[in-house]
Every structure is written in C-alpha cells, then in structure tokens.
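See structure below.
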Amino acid sequence: MWKFIDGAQGRSATEHALWMKSHLEALVGQVPEIKSLEVGVNISNSPMAYDAVLTLVVEDAEALRRYREHPAHQEISQHCHEIRSARTVVDYTVL
C-alpha cells in the first residue's frame, strides 16, 4: 500500500495512484512471474486511508524476488520512491 505526496511532481495523490495502477497493470504479460496482479485506488476520505494497494500473486518467494528485480518493475519502483510518503508491505504464503 502506498500514500502518495499530494502535489509531488505537480500531480495529486489520486493522479499518482492512477499512474501506479496503469503502469503496474501493464507488467502483466511482461513479467513472467506474475500469476495475477490487481491495483486498487482508494475511494475513502478517511485520513487513515492509503491511496493505492497492490495485490500480486506469484508462485513462491523466488518468483517474488525475480519480480522485484525485473527491470520494468524497478523502473516503476524508482518513480514510486520519488512520489510516496509511506509504504506498507505484507508478503505471505497462501496455505
């Protein structure tokens, strides 16, 4: 999940969330490790809400590592570093 900096690079937090959604969803078919990927954009006005969330399914921890290291993902990740104020991650195995 990400909180974006409202006004960073001249864009609103919602615009950053939509940019992330568009670019991350474009990785499907480009990064072979992705089994499924969904980006949700916040619709709440709650001050506790984050702006966007990524739900990603990969085969295992090794596939997750390869996804993270893929050049297309790295490019998006670098951009995200410049526009986010917070990030929260949960990686888990479905039993």
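At a glance:
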quantity	calculated
Considering residues of region 52-95 that are part of a helix (DSSP H, G or I) and small (Gly, Ala, Ser) only, the residue nearest to Glu33 (Cα to Cα)	Ala63
Test result for Val58, surrounded by fewer than 12 Cβ atoms within 10 Å (Cβ to Cβ) and out of contact with any Pro (no Cβ under 6 Å at 6 or more places or on another chain)	no
Single residue of Val58, Val53, Val41 found to be closer than 18 Å to Asp91 by Cα and under 13 Å from the mean Cα position of the chain (by Cα)	Val53
Residue within region 22-29 that is small (Gly, Ala, Ser), part of a helix (DSSP H, G or I) and at pLDDT 95 or above present	yes
Subset tally (residues that are over 30 Å from Gly10 (Cα atoms) and among the hydrophobic types (A, V, I, L, M, F, W, C)) for region 61-95	5
Candidates Glu75, Glu38, Glu82, Glu69, filtered to the one that is more than 29 Å from Asp6 (Cβ to Cβ) and modelled with pLDDT of 95 or more	Glu69
Considering residues of region 8-18 that are surrounded by 13 or more Cβ atoms within 10 Å (Cβ to Cβ), in a helix (DSSP H, G or I) and in contact (Cβ under 8 Å) with a residue 12 or more places away in the chain only, the residue nearest to the chain's Cα centre (by Cα)	Ala17
Subset of region 19-55 (residues that are of a type in the set (S, T, N, Q) and surrounded by fewer than 17 Cβ atoms within 10 Å (Cβ to Cβ))	Ser22, Gln30, Ser36, Ser44, Asn45, Ser46, Thr55
Among (1) small (Gly, Ala, Ser); (2) assigned to a loop (DSSP other than H, G, I, E, B); (3) over 18 Å from Met1 (Cα atoms) - the single one Ala49 does not satisfy	(3)
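The values are calculated or read from the model by the stated rules, or taken from the named source; none is laboratory data. These figures come from a predicted structure and were not determined experimentally. Backbone-built Cβ (ideal geometry, glycine too); neighbour counts: all protein chains shown.
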